[in-house]
Amino acid sequence: MPTKKRIILKIFSISLLLLGSCNQKTKTILYIKPTDEKLNTICRWLKNEVNFEKPNYKTVFYNYYNKNIKAEKYAEAAKAMEIVSLQNASFFYFDTKFFNAVTSFEKNYKDKVSLKESAFIYTYLGDFYSDKGNFNKSIANYKKVLEIPVNDYESCFKKGDTYRTLAWCYYCLGNQRLALENDYKALEYFKRTNRSDLPGSVYINISSIYQANRDFDNAIATIDSALYYLKKEPKKQITNIYIGLYNKINIYDHDEKFDKMYPLIDSVYHAFNKSGIHDTSVKLSIYSYYTKKLLNENKFEEAQKIITELEPEVKKLNSTVSNLEFMIMKATYEIAKNQGVKDTHLIESTIPVLMENKYFIKVRDCYSLLLNDAEMKKDFEKALFYEKERSKIKDSIGNQEMTDKTLVLEKKYQTEKKEQQILLHKKTILNKNTTIALLVSLFIGLFLIIIVYIIRQKQKKLKIEKENTQLYTKQLLEKTEEERKRIASDLHDSVSHELLSLKNSFEEKTEITNQKIDTIINDIRSISRNLHPIMFDKIGLKESINQMVERAQSVNNFMVTAEINYYTVLSSSDELQIYRIVQESLSNIIKYSDAIAAKISITENENNIIIEIKDNGKGFNVEETLNSKSSFGLHNIIERSRAIGGQANIISNTNGTIITIEIKKVQ
């Protein structure tokens, strides 16, 4: 490689290390994966992998999706489509109908949901084109996902997962520099979550880079690191674990360590069959190697059974990658039986398509297969051609640039080791300061406890003062009522009776005299009733209010109605305060509101007694009136409500006034 190019690559390597180091130091946010994703019943059913194989899976989805689109519930429709797109990608199932549904959603409804909610569109399209081997289109779609802002676990995971997938695409295209760069970015985002298993899939990618460079020792070491991370959550990562094990088998195969490869193939095959995983793409990869083992042992019938078993599943999956892998598996069987590949033209015609999309890994496998076939048929001219072509592909995958980039990875590990040593030194210093920190924390804790205690004491004191004020107000009102009752009784029983006796004692009675005395007696009785309803203790709150309403209507030519649903639960003194509140409210309506009607209602329920007095008058400014000097009546209503443990609320506008008092029952 020219010196200038080496210098550029070294600068890139150092920059990548510094970038990774800076990102590690500035990482302050750890996004926690939600323990329970909030999904409705349909979405939970769609997310269950077991249901994906059921015949009604797509019907359930399309019914739910179309229903939400029709109801303009676009976020719900997007969530369901995202779940199904992930299931399709997971099983490498890409049908035209669903592809059209996704592109239709992008065209018509993408802007009706958030960027994070619509990101699945481009993830799915990236997976779709990746499956077809069109990595350039795949990359273009994945890059659109990178536009989402990171502000929670889901967005952080999506971004890391996108960088990881981009790395795989670049690897398949032979651009190991961009593959490695995107792998590091994926690690950066994954390490900002609490998922310890996520780096595993990234290390699988990095292992592939080592393998392509024929650094098999580091490839095995890295794949073991990947499995270490994945096995931290074995139930959730079971499929990825088998992908990692398949890659390990693949590394042993290319390193020609068959003594390690065949025992691993056997154990992985049997473990996979017991796992219950229904993933045709993973199954095909593992079965392909198990078939190779059987062919090595000349167990052709067993190999044929596996091929026959897989064929309908592969056809149903209809994945470009899986179809090609099955074709290679079948051709390998034909070569092993000395039958020769029946349709070499099919393999040869596939190579230009793979080359156009720079899918070098599969091109290499195709040439290896054709080379073996040509050697078996003793067509050495073709064998030489295939060998030369395979060598060119190997150069495309494992060139010198990739070697330099792999060195970046090695330096990264060395940097991490140094950082661990620095962390150990920092920990030693930190331990020395721990005692001081604990003492400071203890002091701050005690200080906060004292502050909280003082605040609580003040609150307790204020509460007691409030209760004392309320009790004082209540006692004052009760004493006032007692005095009113005494005066009313004296007027009614004494003065009124004396005037009546005086009227009867006149020898010469005139009509005018009688009228004047009757007027005085009625005025005294009215004053007496206003001071204290004489029969209140006997007839109770309901009848007393009804009498008040009747008097108001007859005297003032004013329409008043009363709806009282109340059964005696309060003390007589509290009921009297309610009577006074209603009396004051009605008096204010008659004097100031210009209303033609009013309504009084008292409603009792399980927990409260609600009193409501409303009119259709001209209304007033509540805040302004309460702050004025002429608001004694309103304050009287408010204070009487507080005295009996109630809360008064006054609302007034041009349509009238509503006074509501809510009294909580004592349980």
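No other residue among Ser573, Ser585 is touching a residue at least 60 places away in the same chain (Cβ under 8 Å) and closer than 22 Å to Thr654 by Cβ apart from Ser585.
The condition of being of a type in the set (Phe, Trp, Tyr) and either outside any helix (DSSP H, G or I) or surrounded by fewer than 21 Cβ atoms within 10 Å (Cβ to Cβ) (or both) holds for only one of Phe98, Phe128, that being Phe98.
Listed conditions (1) under 19 Å from Glu233 (Cβ atoms); (2) surrounded by 23 or more Cβ atoms within 10 Å (Cβ to Cβ); (3) of a type in the set (D, E, K, R) are all met by Asp183, apart from (1). Cβ-Cβ contacts under 8 Å between residues 6 or more apart (or on different chains), taken from a first residue in the stretch 538-565 that is of a type in the set (Ser, Thr, Tyr) to a second residue that is in a helix (DSSP H, G or I) and crowded, with 18+ Cβ neighbours inside 10 Å, are listed as Ser544/Phe536; Ser544/Tyr579; Thr561/Val549. Going by the structure shown, is Leu166 surrounded by fewer than 23 Cβ atoms within 10 Å (Cβ to Cβ) and in a helix (DSSP H, G or I)? Against the criterion (surrounded by fewer than 23 Cβ atoms within 10 Å (Cβ to Cβ) and in a helix (DSSP H, G or I)), Leu166 does not qualify. Whether any residue in the stretch 580-589 is among the hydroxyl-bearing types (Ser, Thr, Tyr) and modelled with pLDDT under 90 is what I want to check. The answer is yes; a qualifying residue exists. Residue under question is Lys232, and the condition is that it be closer than 26 Å to Lys47 by Cα and either basic (Lys, Arg) or not in a helix (DSSP H, G or I) (or both); does it hold? Criteria met by Lys232.
The residue that is modelled with the highest pLDDT, counting only those in the stretch 530-565 that are surrounded by fewer than 20 Cβ atoms within 10 Å (Cβ to Cβ), assigned to a loop (DSSP other than H, G, I, E, B) and touching a helix residue (DSSP H, G or I) at 6+ places or on another chain (Cβ under 8 Å), is Phe558.
Whenever a residue of the stretch 42-66 is farther than 14 Å from Asn88 by Cα, its partners that are among the hydroxyl-bearing types (Ser, Thr, Tyr) and crowded, with 18+ Cβ neighbours inside 10 Å, lying with C-beta atoms within less than 7 angstrom and at least six residues away or across chains, give the pairs Ile42/Tyr64. Within the stretch 636-667, the set of residues being surrounded by fewer than 13 Cβ atoms within 10 Å (Cβ to Cβ) and assigned to a helix (DSSP H, G or I) is empty. What's the number of the only condition in (1) within 22 Å of Ser130 (Cα to Cα); (2) over 27 Å from the mean Cα position of the chain (by Cα); (3) of a type in the set (Phe, Trp, Tyr); (4) modelled with pLDDT of 85 or more that Tyr228 fails to meet? Tallying (1) within 22 Å of Ser130 (Cα to Cα); (2) over 27 Å from the mean Cα position of the chain (by Cα); (3) of a type in the set (Phe, Trp, Tyr); (4) modelled with pLDDT of 85 or more, Tyr228 fails exactly one: (1).
Which condition number does Met402 fail, the rest of (1) at pLDDT 65 or above; (2) assigned to a helix (DSSP H, G or I) being met? Exception for Met402: condition (1).
Has the stretch 205-222 got any residue that is in a helix (DSSP H, G or I), out of contact with any Ser or Thr (no Cβ under 7 Å at 6 or more places or on another chain), at pLDDT 85 or above and among the aromatic types (Phe, Trp, Tyr)? Taking every residue of the stretch 205-222 in turn, at least one turns out to be in a helix (DSSP H, G or I), out of contact with any Ser or Thr (no Cβ under 7 Å at 6 or more places or on another chain), at pLDDT 85 or above and among the aromatic types (Phe, Trp, Tyr).
The set of residues in the stretch 575-605 being surrounded by fewer than 18 Cβ atoms within 10 Å (Cβ to Cβ), among the β-branched types (Val, Ile, Thr) and closer than 9 Å to Asp615 by Cα consists of Ile596 alone. Scanning the stretch 581-612 for residues that are of a type in the set (D, E, K, R) and either out of contact with any Asp or Glu (no Cβ under 8 Å at 6 or more places or on another chain) or assigned to a loop (DSSP other than H, G, I, E, B) (or both) turns up Glu584, Lys591, Asp594, Glu604, Glu606, Glu612.
The single condition from (1) surrounded by 14 or more Cβ atoms within 10 Å (Cβ to Cβ); (2) at positive phi that Val268 fails is (2).
The set of residues from the stretch 142-163 being in contact with a Cys (Cβ under 8 Å, 6 or more places away or on another chain) and surrounded by 23 or more Cβ atoms within 10 Å (Cβ to Cβ) comprises just one member, Tyr142. Residues in the stretch 578-616 that are of a type in the set (Gly, Ala, Ser) and under 15 Å from Ile564 (Cα atoms): Ala598, Ser601. Scanning the stretch 632-657 for residues that are free of Cβ contacts under 8 Å to residues at least 60 places away in the same chain, over 26 Å from Met559 (Cβ atoms) and more than 46 Å from the chain's Cα centre (by Cα) yields Phe632, His635.
For Thr35, the test of being more than 30 Å from Arg192 (Cβ to Cβ) and either touching an Asp or Glu at 6+ places or on another chain (Cβ under 9 Å) or loosely packed, with under 15 Cβ neighbours inside 10 Å (or both) is failed.
The values are calculated or read from the model by the stated rules, or taken from the named source; none is laboratory data. What you are looking at is a predicted structure, and each value in this text was computed from that prediction instead of being measured. Glycine also receives a Cβ, built like all others from the backbone with ideal geometry; neighbour counts cover every protein chain displayed.
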